[in-house]
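Here is the structure we will look at.
The values are calculated or read from the model by the stated rules, or taken from the named source; none is laboratory data. For clarity, every value in this text was computed on a predicted model and none was experimentally measured. Cβ: placed from backbone, ideal geometry, glycine included. Neighbour counts: every protein chain shown. The protein model used for the area step is the full one, side chains on, heavy atoms only, and it has no ligands, DNA or RNA in it. Shrake-Rupley method; radii C 1.70, N 1.55, O 1.52, S 1.80 Å.
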Amino acid sequence: MGHTADIPPAPATSRHTLLLDFDGVLSMNASGLLLRALHEGINRHTELPIEATAAQFKAICTFPQRDSLRVLFAGLGIERHLGAEIESLRSCLSVQGTRMTLARGADTFCAEQRARGVRLRVFSTMDRGTARRSLLDGLFGPEDFVPLGHASKADPDTYTALLAAENENHPERWLLVDDSPLALRAAKIAGLRTVLMRGDVFTPGDVAPFASFIDAQADSFAELGDLLRADAVAVGAAPVSFPAA
C-alpha cells in the first residue's frame, strides 16, 4: 500500500514535529516491564499463560487502556479487581527488582533535535498521575505531552484530529516513533511518516504484516538520530522489509 505517493512537498516554513512514544521508545524497557506487571496482576486472581497476556497486551498498549483492560478483566471474570490493578500499573516503576529507565541516548537525541529546530512531543497514553512519567522530568515540560485522553493510538482519526488542532496542513512533516505496528499503521494512514523502534515485546512476526505502513526502523536513539540526519525517513520511501518470524 502506498500512503505517501500523493503527498505534496511541504513549504520550508513548516516545522518538523516528532511524536515519541514512551513505553518502548523513550523508555525502551517499559513495555516489557508493563507486560510482566499486567501478567502478575492477572495471575493474582486467575491463571493465564504469559503468551495469552502478551497477545492482549499488544493491543491494550495502543487502544484506550482503561476500556481495554475492563473488557479483558470482565472476559476473565475478574472485573471486580480492575480498579486496584489499574492503579498498580499506573504506580509501577519497577517489576521484580528491575526499574524502568530512560532509553540510552534519549536525552542527547532530544537536545540535538531541538537544536535543529525540531519540535518534540510525547505521544503516550500516560496521564499526569502515571508514576513512570516522572522519568521525563527535566526533559519534557507539561506542554510537550499530547493529551490523548480516551483516544486510541490505533485510530487514524486520532492523528487527523491532532493535526487539525495544530492547524497543520502538511502531515508528512510529522513523524511518529513507536514500537507498536498498530499505532504506526494509523499514523501512516493519516499521512504521517513513521519509524518503528524495535524492542522486546513486538516480534518480527507481529510487525511483518504492517511493513507497508513503516518508513524506517531503528534499534536505538543513536540509530534514529542517524536516520534523521541522513534524511532517510523520506516521503515516499520504500517500505521496510522484515524477516520472517
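Answer yes if at least one residue in segment 70-85 is under 19 Å from residue 32 (Cβ atoms) and at pLDDT 95 or above, and no otherwise. Scanning segment 70-85 turns up at least one residue that is under 19 Å from residue 32 (Cβ atoms) and at pLDDT 95 or above. For segment 200-221, filtering for residues that are surrounded by 19 or more Cβ atoms within 10 Å (Cβ to Cβ) and among the small types (Gly, Ala, Ser) leaves 2. Scanning segment 141-151 for residues that are over 13 Å from residue 21 (Cα atoms) and touching a helix residue (DSSP H, G or I) at 6+ places or on another chain (Cβ under 8 Å) returns 150, 151.
If you check residue 241 against the conditions, is it open to solvent by 30 Å² or more (accessible area, probe 1.4 Å) and at pLDDT 95 or above? Answer is no for this residue.
Contact map, segment 107-132: first residue farther than 29 Å from residue 90 by Cα, second residue open to solvent by less than 40 Å² (accessible area, probe 1.4 Å) and in a strand (DSSP E or B), Cβ cut-off under 8 Å, separation 6 or more or different chains; pairs are 113/18; 113/120; 114/120; 118/17; 118/18. When you go through 59, 54, 37 one by one, which is the residue that is of a type in the set (A, V, I, L, M), closer than 23 Å to residue 157 by Cβ, open to solvent by 10 Å² or more (accessible area, probe 1.4 Å) and touching a residue at least 12 places away in the same chain (Cβ under 8 Å)? Going through 59, 54, 37 in turn, just one is of a type in the set (A, V, I, L, M), closer than 23 Å to residue 157 by Cβ, open to solvent by 10 Å² or more (accessible area, probe 1.4 Å) and touching a residue at least 12 places away in the same chain (Cβ under 8 Å): 59.
Of all residues in segment 41-62, those satisfying the criterion of being assigned to a helix (DSSP H, G or I), closer than 15 Å to residue 85 by Cα and of a type outside the set (S, T, N, Q) are 41, 42, 57, 60. Once segment 145-178 is narrowed to residues that are open to solvent by 30 Å² or more (accessible area, probe 1.4 Å) and in a helix (DSSP H, G or I), the residue that is nearest to residue 228 (Cα to Cα) is 173.
Taking residues in segment 79-90 that are buried (at least 16 other Cβ atoms within 10 Å of the Cβ), and partners anywhere that are among the charged types (D, E, K, R), the pairs with Cβ atoms closer than 7 Å and at least 6 places apart or on different chains are 82/70; 86/66. Checking each residue in segment 163-199 for being touching a residue at least 12 places away in the same chain (Cβ under 8 Å) and on the phi > 0 side of the Ramachandran plot picks out only 191.
No other residue among 108, 101 is among the hydroxyl-bearing types (Ser, Thr, Tyr), open to solvent by 30 Å² or more (accessible area, probe 1.4 Å) and under 25 Å from residue 214 (Cβ atoms) apart from 108.
Can you confirm whether segment 189-198 contains a residue that is surrounded by fewer than 18 Cβ atoms within 10 Å (Cβ to Cβ) and touching a Pro at 6+ places or on another chain (Cβ under 6 Å)? Checked segment 189-198: at least one residue is surrounded by fewer than 18 Cβ atoms within 10 Å (Cβ to Cβ) and touching a Pro at 6+ places or on another chain (Cβ under 6 Å).
When segment 97-133 is examined, which residues are found to be at positive phi and modelled with pLDDT of 95 or more? If the condition is that a residue be at positive phi and modelled with pLDDT of 95 or more, then 97, 105 are the ones that fit. Of the residues making up segment 134-172, those that are modelled with pLDDT under 95 and charged (D, E, K, R) number 4.
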